[in-house]
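I have placed the structure first, in the form of structure tokens, so that the comments after it can refer back to it.
The values are calculated or read from the model by the stated rules, or taken from the named source; none is laboratory data. Note that the coordinates shown come from a computational prediction; the quantities given were computed from them, not determined experimentally. So basically every Cβ, Gly included, is an ideal-geometry build from the backbone, and we count neighbours across all protein chains shown. These area figures cover heavy atoms from the full protein model, side chains too; ligands, DNA and RNA do not enter into them. Shrake-Rupley method; radii C 1.70, N 1.55, O 1.52, S 1.80 Å.
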Amino acid sequence: VRVTGKSGHSGHPHKAKNPIDPTVEMVSMLRQIFAGELKSYWESEYPDLYAWVNSLGLSADEFCTVITKIHCGQIDDDPNHHSAPNVISEYAMFNGTVRCHDPAVREKVLSFIGEFVRRFMAYHPGYTVKPTIKEGYPHPCICDDFLVDLFVDSTNRLFGENCCEEAPRSNGGEDFGVVKNYVKKSIVVRQGTGFVGRPITSLHSNDAEFNEEAIPIGLEAMIAYLLRLLNQ
């Protein structure tokens, strides 16, 4: 979401249109809505918007939406930089992600965001706003029961009992969500690649490290499963 105002000098703020003010309020309000905790103090400031949001019955249990970035100009230690602290920026922008297991809920949330931005900025004349929504993975990744049972049985025979466990539901985006456009049944297997005696780090952590000794084990499991599948 990009909010455009009018740049100016911080010594004369009345001659500018600072985009930070409405942007920060919008981010704060959206964060509360996404958490299912919209505070009542917004009601006096945005009565119609507050009533509309409450009428929608959005449930935070149905989706995971987080604002991850907010940007307005640039601050550094160079007083000669074009975006020095005494400059009121022309625009401010923020972005984030929408994650749902139900595509219908996702469409509802995306539609809500666009309409919310429009209604919110109607309270702030003199600014322009442009929401941009980029489509992500089209489907949730739901494994087929038959394929799961076949893989578990195949892998247990190969490496011994109880070497597989069911992964909990996740809001992580999955490339294999695209596969659902082309096949009716699919399975996604996640293989552990950690090191014994070391803490497990997040996939997106700067210090993530992967044990490459897991590669041949994964290939062996995959080949054994495919041979079982082809023999069905």
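For the chain, with all protein chains present and a 1.4 Å probe, just round the carbon and sulfur fraction of the accessible area to a whole percent. Don't skip to the answer; put the middle values down first.
Values: 8530 of 15980 Å².
On the chain, the fraction of accessible area on carbon and sulfur atoms equals 53 percent.
Assuming 0.36 nm per residue, please report the length gained on full extension of the stretch Lys185 to Glu161 beyond their Cα-Cα distance.
Values: separation 24, 0.36 × 24 = 8.64 nm, distance 2.52 nm.
Between Lys185 and Glu161, full extension yields 6.1 nm more.
Once you have a ≥ b ≥ c as the square roots of the Cα gyration tensor eigenvalues for region 191-232, tell me rounded if a/c is under 1.5, and otherwise prolate or oblate according to whether a/b is larger than b/c. Kindly include the intermediate steps, with their values, before the conclusion.
Details: a/c = 3.94, a/b = 2.85, b/c = 1.38.
Judged from the Cα gyration tensor, region 191-232 comes out prolate (a/c at least 1.5, a/b above b/c).
How much net charge surrounds Thr155 when only the other residues with a Cβ under 15 Å from the Cβ of Thr155 are counted, with Lys and Arg +1 and Asp and Glu -1?
-3
What trypsin sites (Lys or Arg not before Pro) does region 1-61 have in DSSP loop regions with at most 11 other beta carbons within 10 Å? Show your work: numbers first, answer last.
Values: sites: Arg2, Lys6, Lys15, Lys17, Arg31, Lys39; in loops: Lys39.
Counting only loop positions with at most 11 other Cβ atoms within 10 Å, the trypsin sites (Lys or Arg not before Pro) in region 1-61 are Lys39.
Dividing the convex hull volume of the Cα atoms of region 102-174 by its residue count, what figure in Å³ per residue is obtained?
Details: hull volume 7.9 nm³, N = 73.
Value for region 102-174: 108 Å³ per residue.
Could you tell me the distance between the Cα centroids of region 22-65 and region 161-202, to the nearest Å?
Centre-to-centre (Cα) distance: 33 Å.
Please compute the Cα-Cα pair-distance distribution of region 125-228 with 5 Å bins starting at 0, giving whole percents from short to long.
It works out to 2, 9, 15, 18, 18, 16, 9, 4, 3, 3, 2, 2, 1, 0, in whole percents.
Can you give me the distance in nm between label points at Ile142 and Phe176, each placed 7 Å from the Cα along the Cα-to-Cβ direction?
1.5
Treat each spin label as a single point 7 Å out from the Cα along the C-beta direction, and report the Leu229 to Val66 distance in nm.
3.1
For the chain, what is the accessible area per residue in Å² when the probe is 1.4 Å? If you can, show how the numbers build up before the last one.
Details: 15980 Å² over 232 residues.
On a per-residue basis, the chain sits at 69 Å².
What nm value, rounded to one decimal, do you get for the distance between Glu45 and Asn206 when each label is placed 7 Å out toward the C-beta?
Calculated label separation equals 3.4 nm.
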